Structures are given as C-alpha cells and as structure tokens.
Amino acid sequence: MNFIFLGPPGAGKGTLAARAVSFLKIPHISTGAIFRAAIGARSPLGLKVKAIIDAGKLVDDETTVALVQERLAAPDAQAGYILDGFPRTIPQAEALAGFSRVDKVINFDISDAGVLERLGGRRVCRGCGHNFHVTFDPPAQDGLCVHCGGEVYIRDDDKSEAVQKRLEVYRAQTAPLIGYYREKGLLYDIDASPGIESMLSDFKKLTGSGC
Ligand code: ADP
Ligand code: ZN
C-alpha cells in the first residue's frame, strides 16, 4: 500500500510514520529527512537546499520530484511506502501521479496553536533522526538520544520566524492538496490534536492493521 502523509509542520506525520513502519513493513520516506541528511553530509544537494530550508521556504519542485522519483525506484519501495512531506504542492502531486500509484492520503488535522506547541518543544536526534518533545517524549537528562546515544538538537527551521513562514507556506501551497486528493476519493482525515497514541489507533483502523 502506498501512503501519503499530508499535514502542517509539527502535526506528527514523522512520529506516526516511524511507529507505523514497524507493523506495515514498508519504508518511511521523508523528503525533509533526506534533505537534512544531505545538509549534514555537506553534499551538493545539501549545500543547495540549506538556506531555503532554514528560512522555512520550499525547495523547488524539480529538485524535490527528481529526488522522490529516484527514491521510489529503489527495491525496498516496491511493496509500498509512506511518503512523509511529499507532495507539498499541486505540481509535485501531478508529477507523482506520473510515476507512482497513490492508495491513501492521510490528512493530519491540527490547529496553528497545536502546531506551535509541538514545534516549540521539538528536539531531533542527529544520529537516528528520532523526533523528541521536551514534554511528551523527552530525550535523556544529559540531552542525548535514548535510542542511539546521538546528540539531540533544535532544528534551525523550528526557530520562531521559520515556523511562522512554514505555516504560511503550508496554508498557501500545501493545503490545496487536501481538496485535490479528496476529489479523487483518496483522502482520510486523522485528528492530530490528541497526540500520538490516538493517531496511531485511528491509523490502524483505516489501514486494517489489528492490535
Ligand atoms: P515539517 O513537516 O516538520 O515541516 P519536513 O522535515 O517535512 O518538516 O521538511 C523540512 C523542510 O524541508 C521544509 O520546510 C522544506 O523546506 C523542505 N521540504 C521537505 N519536503 C519538501 C517538499 N516536498 N517540497 C519542497 N520542500 C520540501
Ligand atoms: Zn538517536
């Protein structure tokens, strides 16, 4: 099954995807995580996108689509995938339709206030990419990752000006995808405000995964 996770920054897409891969046995493909890895490695892609991402803007469609097309061609994505953070514009969705089938689009519904609370407390592991939250899922006391011992940091784009910008960009460029996929009969809404456990149980219901 091919899933798309759609929703504002901080809605919990990445956190839910990380939990879902363990029972769906399909890869979690996050364009944001791929870009952050490229930035960390100082690769040509990383150098090209760093300033754009730090400012909370979108990387251009051509670069992003090429990256996703290549990633979806890998052997591990043939039995299904969770695409987290892509597509983020109508042209990206149209491009995706040209090289992959989409089965279900999960729309993460949350208010701007909810987003600000989540992102304000978000911390990310440099080692394994795990998303922590200072209140809901804190890292170890020494500030290291409880899963891999990696350094836990605050994303540059989680600082306040960039967060405002990302919310604006989401409402203007990404939210139109809700209507786009609803018309195609592919959209499933999840209330993202109550937290990860309730989202996980809603998601299991609509994927038909038991337990
Ligand atoms: P979040 O969902 O928390 O905003 P992501 O990790 O999905 O964060 O993305 C971080 C940043 O990476 C985005 O703000 C944007 O700059 C860039 N990015 C990720 N996915 C895309 C995409 N599909 N198109 C353009 N830019 C993207
Ligand atoms: Zn870690």
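The values are calculated or read from the model by the stated rules, or taken from the named source; none is laboratory data. The shown structure was predicted, so the numbers you read here are calculated from the model rather than taken from an experiment. Every residue, glycine among them, receives a Cβ derived from its backbone with ideal geometry; neighbour counts consider all protein chains shown. In case anyone asks, the SASA skips ligands and DNA or RNA and just uses the protein heavy atoms, side chains included. Shrake-Rupley method; radii C 1.70, N 1.55, O 1.52, S 1.80 Å.
Do the conditions hold for ASP112, that is, is it over 16 Å from LYS159 (Cβ atoms), within 15 Å of ligand 1 (Cβ to nearest atom), surrounded by fewer than 16 Cβ atoms within 10 Å (Cβ to Cβ) and not hydrophobic (A, V, I, L, M, F, W, C)?
It is true that ASP112 is over 16 Å from LYS159 (Cβ atoms), within 15 Å of ligand 1 (Cβ to nearest atom), surrounded by fewer than 16 Cβ atoms within 10 Å (Cβ to Cβ) and not hydrophobic (A, V, I, L, M, F, W, C).
Can you spot a residue in the stretch 56-74 that is under 20 Å from CYS128 (Cβ atoms), touching a residue at least 12 places away in the same chain (Cβ under 8 Å) and open to solvent by 60 Å² or more (accessible area, probe 1.4 Å)?
The answer is yes; a qualifying residue exists.
Can you give me the ranges of the helices (runs of 4 or more DSSP H) entirely in the stretch 157-211 with at least 1 residues that are in contact with a helix residue (DSSP H, G or I) (Cβ under 8 Å, 6 or more places away or on another chain), crowded, with 18+ Cβ neighbours inside 10 Å and among the charged types (D, E, K, R)?
So the answer is 160-169.
Hand me the list of helices (runs of 4 or more DSSP H) wholly inside the stretch 1-85 holding 1 or more residues that are of a type in the set (Lys, Arg) and in contact with a His (Cβ under 6 Å, 6 or more places away or on another chain).
none
Would you point out which residue out of GLY46, GLY56 is on the phi > 0 side of the Ramachandran plot and within 13 Å of ligand 1 (Cβ to nearest atom)?
One residue alone meets the criteria, GLY56.
Looking only at the stretch 20-55, count how many residues are within 19 Å of ARG126 (Cα to Cα), in contact (Cβ under 8 Å) with a residue 40 or more places away in the chain and either polar (S, T, N, Q) or in contact with a Ser or Thr (Cβ under 8 Å, 6 or more places away or on another chain) (or both).
2
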